[in-house]
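First the structure, in the form of structure tokens, and then the observations on it.
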Ligand code: ADP
Ligand code: ASP
Ligand code: MG
């Protein structure tokens, strides 16, 4: 770890939902933080207690259907869950301080739901305020637990630190402003040696309206805060020993990878490796801050270090990842509509809908463009393309939009795949031997990854076959 001489290293530690899933887990987190705080300066970022964000979102949608009673029951459920932690881990003075704060947060929950049921609607803006209440509750509790252990700590609402654009539900930070606010707001705490316990997932627009960074966004909060404070490292504590060679739920014998590069981590998370939010690495790239993935259930395991460039030069595939819910769309243009024009209009439509493609292939001789998107994006993409090509479809310059559903995209990746001959052939053969049909293939010129589209019913077997072939 690089650090300024004589100064304790500054580490931002983010704890995910399972790491703060119940009283026992929240106690372990506090003890872990207390231990590290002896030798380093720690800033904590916490997710909501496991499952809470889902509960909040479901309750909001139910309220928007006009159901007033459900939110009362959910309030009780949330109160029980958080109260159990307070009862077990907070000393009486802390209970006196924290319980009224939790009551206010639960009151906000019920009032917001009452509003949704009245207007029978939940806007993305209101949803952000509600869905990130879990982080407010967990940060309030975790700070109280630390103080009960005699460690000075203060809960901090990230709406006071992270300034974002107005893309509710999937906001992007405005970095310069975030840096200034974060430094300023945390400075007094850091000066007096109190550990800030910051809410993950949340941010706020310049006007102070609460936004969220997308599901799983607390990882992103961790690196945003890390970059803003020029931290020495960011540690993301989760429930697995590190980044693994495949999703352990698909490949039980997947192996921990000790080191991955920024590019590999970005690729892995973009293609569905849930262990990292897809934007996690972006904030730390410029400052080259290392990010560790560590297991809060097994803290003695070193975990995976995510570094700017790989030190290992072993050629070949490093990991396999997959997106199980994808759609493959095909559009074909007649001669009078050149391929570049067809592609421009398709991709412009995707851009306007803020949709990313998972893979794209062209066959320009007969003007065919094929691309994959997340299933959730299909309705808006279909509607947009039907509008974009309305006239061309009427005059049959463009054939209809063909959609192949229930597709999975499998990605084999590794920085050292570049220049290694025969990798694609081996992957094809491995799938062929299992009788798995490949529907589409893409490899970029950077050779960082090869993507295959297969039927989603084949995903588990396909990932395993490629994992075995490369002996990961
Ligand atoms: P947290 O609540 O700590 O943010 P997540 O559930 O979001 O944790 O992410 C951790 C999970 O990611 C693991 O339990 C694992 O099932 C899943 N996962 C998917 N792909 C991978 C991978 N390649 N390496 C490690 N974990 C993965
Ligand atoms: N609690 C949020 C979610 O469940 C953010 C996170 O856990 O990273 O999506
Ligand atoms: Mg997560």
With respect to residue 208, determine if the residue is out of contact with any strand residue (DSSP E or B) (no Cβ under 7 Å at 6 or more places or on another chain), at pLDDT 95 or above and within 19 Å of residue 18 (Cα to Cα).
no
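Within the bounds of the stretch 248-255, is there any residue that is within 25 Å of residue 176 (Cβ to Cβ), touching a helix residue (DSSP H, G or I) at 6+ places or on another chain (Cβ under 9 Å) and either at pLDDT below 95 or surrounded by fewer than 24 Cβ atoms within 10 Å (Cβ to Cβ) (or both)? Explain how you work it out, then say what you get.
Within the stretch 248-255, the first condition is being within 25 Å of residue 176 (Cβ to Cβ), and the residues that meet it are none.
No, there is no match, as no residue in the stretch 248-255 is within 25 Å of residue 176 (Cβ to Cβ), touching a helix residue (DSSP H, G or I) at 6+ places or on another chain (Cβ under 9 Å) and either at pLDDT below 95 or surrounded by fewer than 24 Cβ atoms within 10 Å (Cβ to Cβ) (or both).
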(1) out of contact with any helix residue (DSSP H, G or I) (no Cβ under 6 Å at 6 or more places or on another chain); (2) within 16 Å of ligand 2 (Cβ to nearest atom); (3) over 18 Å from residue 174 (Cβ atoms) all hold for residue 217 apart from (3)
Taking the stretch 220-247 and keeping only residues that are within 16 Å of ligand 2 (Cβ to nearest atom) and either over 27 Å from residue 411 (Cβ atoms) or in contact with a helix residue (DSSP H, G or I) (Cβ under 7 Å, 6 or more places away or on another chain) (or both), one is left with 221, 223, 224, 225, 226, 234, 236
Of the listed residues (135, 110, 77, 96), the one being in contact with a strand residue (DSSP E or B) (Cβ under 6 Å, 6 or more places away or on another chain) and modelled with pLDDT of 95 or more is 135
Does the stretch 32-48 include one or more residues that are more than 16 Å from ligand 2 (Cβ to nearest atom), out of contact with any strand residue (DSSP E or B) (no Cβ under 8 Å at 6 or more places or on another chain) and touching a residue at least 24 places away in the same chain (Cβ under 8 Å)?
yes
Residue 159 passes all but one of the listed conditions (1) free of Cβ contacts under 8 Å to residues at least 60 places away in the same chain; (2) touching a helix residue (DSSP H, G or I) at 6+ places or on another chain (Cβ under 8 Å); (3) within 30 Å of residue 70 (Cα to Cα); the exception is number (2)
When every residue in the stretch 270-302 that is modelled with pLDDT of 95 or more and in a helix (DSSP H, G or I) is compared, the one farthest from ligand 3 (Cβ to nearest atom) is 285
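If you take just the strands (runs of 3 or more DSSP E) that sit entirely in the stretch 369-472, which of them hold at least 2 residues that are under 23 Å from the mean Cα position of the chain (by Cα) and in contact (Cβ under 8 Å) with a residue 12 or more places away in the chain?
On the way: elements: 402-413, 440-443, 449-455.
Ranges flagged: 402-413, 449-455.
Name every residue in the stretch 317-352 that is exposed (fewer than 15 other Cβ atoms within 10 Å of the Cβ) and either in contact with a helix residue (DSSP H, G or I) (Cβ under 7 Å, 6 or more places away or on another chain) or part of a loop (DSSP other than H, G, I, E, B) (or both), in order of residue number.
Looking only at the stretch 317-352, we keep the residues that are exposed (fewer than 15 other Cβ atoms within 10 Å of the Cβ), and these are 334-336, 338, 340-341, 344, 348, 351-352.
Those that are exposed (fewer than 15 other Cβ atoms within 10 Å of the Cβ) and either in contact with a helix residue (DSSP H, G or I) (Cβ under 7 Å, 6 or more places away or on another chain) or part of a loop (DSSP other than H, G, I, E, B) (or both): 334, 335, 336, 338, 352.
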In the set 131, 148, 117, the lone residue that is closer than 25 Å to residue 65 by Cα and more than 12 Å from ligand 2 (Cβ to nearest atom) is 117
Residues of the stretch 256-298 being touching a helix residue (DSSP H, G or I) at 6+ places or on another chain (Cβ under 8 Å), closer than 24 Å to residue 471 by Cβ and more than 10 Å from ligand 1 (Cβ to nearest atom), in sequence order, are 261, 263, 264
Review point. Any chance the stretch 172-193 includes a residue that's within 16 Å of ligand 1 (Cβ to nearest atom), assigned to a strand (DSSP E or B) and on the phi < 0 side of the Ramachandran plot?
Key: no
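The values are calculated or read from the model by the stated rules, or taken from the named source; none is laboratory data. This one's a predicted model, so the numbers in the text were calculated from it and none came from an experiment. Note that we place each Cβ from the backbone using ideal geometry, even for glycine, and neighbour counts take in every protein chain shown.
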